[in-house]
Each structure stands twice: as C-alpha cells, then as structure tokens.
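Structure, as structure tokens:
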Amino acid sequence: MRICLFGSATDKIDRIYIEKTEELCEELAKRGHTLVFGGGANGVMGAAARGFRKGGADICGVIPKFFETEKLEAAYKKCTRLIETETMNERKQIMEDMAEAYIIAPGGIGTYDEFFEVLTNKQLGRHEKPIVIFNLVGFYDELLTMLNVAIDKNFVRETCKKLYFSTDEPNKLITYLEDAAPIGLKSSDLKDGE
C-alpha cells in the first residue's frame, strides 16, 4: 500500500516524535508498504523517509522547487523518486492522487492543512482511503477535542468520527491501515445539505 505521511519538517522538536515515527515507518516498510511524503529531509518527514529506507521500501518525495531556492526546506536526497512541483497545491494533489492511505503524524500548519483537506474530501465522498492520526504523546488531543466540540455544537455530524482513526500505538495504527474497509456511508450521511 502507498502510504502518504503528513508531518513536521523541523528538527526543533522533541526527539520522541522523530524516533517513534522512524520506528513506525521502518515496520511499515518491512510489511511491504511504500511511502509518499512531502520530500523533506528533517523532522518527522525525514524520520519517515529514513524509516522506510531502513525497511527497504520505495520512497516518493514531492516537494516544491521554491523550497530549495528560498532555503525553506531541504529535500531528502535518498528518495527512490523525487517530484518537484511549482506550487503547494500541486504538491498536495500529487500526494493525494498517489496515496492509498494517510498517516497524520505530529506537525504544524501545513500538516493541519493536509489533514483537513483529505478529511473534507473523504466527507464529500471523493475518496474512501483510510486516515490515521498518529497521536504521539497526546500531540493531537486538543485537535480531537476541537472536533468533538464541533460535533457537540452541531457543526459536524457525529458520523464524521468514522472518517478517521486516532491512536498513539504503532501496532493499532498498522492494523487499522491494513484492515481498513470502506465506511459504507454516503456524503449525505456525513454532511448537512439542502
């Protein structure tokens, strides 16, 4: 399965996020999965690439050209394939098109953007790909609380909880991805309309 992992591109974070992501990704690679990611060499993204490489899997990085010219982010140089894009939107679209599943690892604004885009597209019936939030050390606790508040206040339907799975346990994450099946809901089951 081609797994798209979204996550931080900075090394200025607690080492546990980097170490646990690398361990998870090495295990995913050993189980025959491949990586699609934002192409970064550092942070959680770099850890994902190193883990998949250690496990012997193919790695496809997708990174905007301006990241290098503007010194925003270094590309991981050992990708099996590195795709350079002109824009962030093009980058996201390529990753989404290639992915068969998503892991939302700890990250910042870009990761939130990517998560909500794939979540919205799933809610609207544009894909049925599994989405897993890798909630390392409770990183996403407040985000999950926010989603529950939106449900409690009727901004989001309760059924939307079926669109994603959250765990801090690598074995549960892997099992969810490998056993995932379509949720069997229509967009009208997930979103209020006319």
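The values are calculated or read from the model by the stated rules, or taken from the named source; none is laboratory data. On a predicted model such as this, the values are computed, not experimentally measured, just so you know. A quick note on method: Cβ atoms are made from the backbone with ideal geometry, for glycine too, and the neighbour counts reach across all protein chains shown.
For the reader, a short list of remarks on this structure follows.
- Flag if Gly107 is in contact (Cβ under 8 Å) with a residue 24 or more places away in the chain, under 16 Å from Ile131 (Cβ atoms) and part of a loop (DSSP other than H, G, I, E, B): yes
- Taken together, Leu82, Leu35 contain a single residue that is surrounded by fewer than 23 Cβ atoms within 10 Å (Cβ to Cβ), in a strand (DSSP E or B) and among the hydrophobic types (A, V, I, L, M, F, W, C), which is Leu82.
- Boolean, Thr34 is among the β-branched types (Val, Ile, Thr) and in contact with a Gly (Cβ under 6 Å, 6 or more places away or on another chain): no
- Some residue of region 167-179 being more than 30 Å from Glu22 (Cα to Cα), of a type in the set (S, T, N, Q) and surrounded by 12 or more Cβ atoms within 10 Å (Cβ to Cβ): no
- Residue within region 8-16 that is part of a helix (DSSP H, G or I), hydrophobic (A, V, I, L, M, F, W, C), surrounded by fewer than 21 Cβ atoms within 10 Å (Cβ to Cβ) and over 11 Å from the mean Cα position of the chain (by Cα) present: yes
- Wholly within region 111-194, helices (runs of 4 or more DSSP H) carrying at least 2 residues that are modelled with pLDDT of 95 or more and under 20 Å from the mean Cα position of the chain (by Cα): 141-152, 170-179
- Filtering Glu86, Glu22, Glu26 for residues that are farther than 23 Å from Glu128 by Cα and without any contact (Cβ under 8 Å) to a residue 24 or more places away in the chain leaves a single hit, Glu86.
- Residues within region 24-56 that are of a type in the set (Asp, Glu) and under 20 Å from Glu68 (Cα atoms), tallied: 0
- So Glu68, is it surrounded by fewer than 22 Cβ atoms within 10 Å (Cβ to Cβ) and at pLDDT 95 or above: no
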